[in-house]
Every structure is written in structure tokens, then in C-alpha cells.
1. Please report the relative contact order for region 1-51, taking Cα pairs under 8 Å with a sequence separation of at least 6, and give it as a percent rounded to a whole number.
2. If packing is taken as the mean number of other Cβ atoms within 10 Å per residue, what is the order of 92-103, 34-45, 12-23, highest first?
3. Measure off 7 Å from each Cα along the Cα-to-Cβ vector at Tyr94 and Asp136, then give the distance between these two points in nanometres to one decimal.
4. What's the center-to-center distance, using Cα atoms, between region 1-77 and region 116-132 in Å?
5. Rounded to the nearest 0.05, what FRET efficiency is calculated for Gln74 and Gln49 with R0 set to 25 Å and r the Cβ-Cβ distance?
6. Expressed as a rounded percentage, what relative contact order does region 22-76 have, with Cα pairs under 8 Å and six or more residues apart?
7. Run the quick spin-label model on Asp82 and Asn65: label points 7 Å from Cα toward the beta carbon, then report their separation in nm to one decimal.
8. Once you have the Cα-Cα distance between Ala26 and Ser58, take 0.36 nm times their residue separation minus that, and quote the gain in nm to one decimal.
Amino acid sequence: MADKKITALGERLVPIIGDDLLLLVANVVPASAAANYKVQVKNFLSNTQITLPSTEASAFRFTANVVANSVAVQAAVEARLDAGNNAVGSTNAYGVLINHTIANTAYARCTAPVAFLGIKETVGANADFATSYLFDVGLQGTANVSEDSVANADVILAPTANVAAATHTVKFQINGTDYWFLVSDVGPE
């Protein structure tokens, strides 16, 4: 392989795993000290730090131009977390974690952030095709979020067999206190 160009190598078409290797060319000063390294995919993804110039707006941007096809679910990004089924599992396991912080806590922010999560939408020429829901919990009825049992009633959704069957709730926590969004299948009048 030493006499091959990178463009002449075969392409991996099966899923990439964390132990797979990437070629990394270190950008160091002076350029004569630059070196090639191998890096495992898991180390590359977990140690990537990007310092942006003041003219940039996003540290990471992913654009997915999904064309119409027969796939039931289309998403630009999918995050999967298998927290495992053993005694070593973490009690703080999240599908997505946004750590909205400041690099040097000795300084204060100049402005208050608007939100931890921002969602923008461009509908196009026909406003009738705007996104219908902010959340689709259970993926359009094709996936169960919580079983209809008392044991799982406080996980995500209250069970339909609850005493108040028409008052499903989504549970979340603010500063250690439990709160619920009321979720009803009856729209406001």
C-alpha cells in the first residue's frame, strides 16, 4: 500500500466502526515538521476541536439533500445511543446532549444566548407544506415510546390506561424538579 495514492485505494462501503483508521496530516508550523498520523474514527470524533474565525457562524454544518424516494423516514442527522443492559451503564444517558458553555469561565458572556436549540424552516413556494410538528414522539405511530403500564408511566408518556386517559404528559426536568407538558389529542378550540 505504500506505493499507492490515497485516491487509488478501495472505498469502504460497509458501516464505519470506531476502531477504523483515518489518515491525518498534521498542520504544524513549520511546514517542514508536518507529519502523517493514523487516528481511530472514535478518537477523531471525540477529540475534534474547531476554533472559528469571527466571520463563521457554525462549528459544524451538515447538509443533506434528500431526494424523494420510498424511504419511510428521512433525516439529515440520526443519533443512536445504545445505553446497554448491564450494571455498568450510565445513569446520565442522553440521545443528544448540548453543552452550551463558555470556554473560559473567568469571563462573562457579552450577550444572553437566544436558545439552546434553534430550528429554522424554509417552506418554499407552497406554505401549505410547512412542517406539521415540532416533535414526533413515537415516529408517526410506528415506534412505541413507553409501554402502557404503570411501571413505565413516568418515563416519557403517561399510559393510556391512566385514570385521566386523555391527559398524556411529556416529562422533563428543570433544576432537579419534575415538570410535565400536557399532551392532548384534542386541539385547542
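1. Normalised by residue count, the contact order of region 1-51 is 32 percent.
2. For the peptides 92-103, 34-45, 12-23, the packing ranking is 34-45, 12-23, 92-103.
3. In this crude label model, Tyr94 to Asp136 measures out at 2.4 nm.
4. Their Cα centres are 30 Å away from one another.
5. 0.25
6. About 22 percent, as a whole number.
7. Result for the modelled spin labels: 3.4 nm.
8. 9.2 nm
Values in this text are rule-based calculations from the coordinates and carry no lab data. Computed from a prediction, not measured in an experiment: that's the story for all the values here. With ideal geometry, Cβ positions are generated from the backbone for all residues, glycine too; neighbour counts draw on all protein chains shown.
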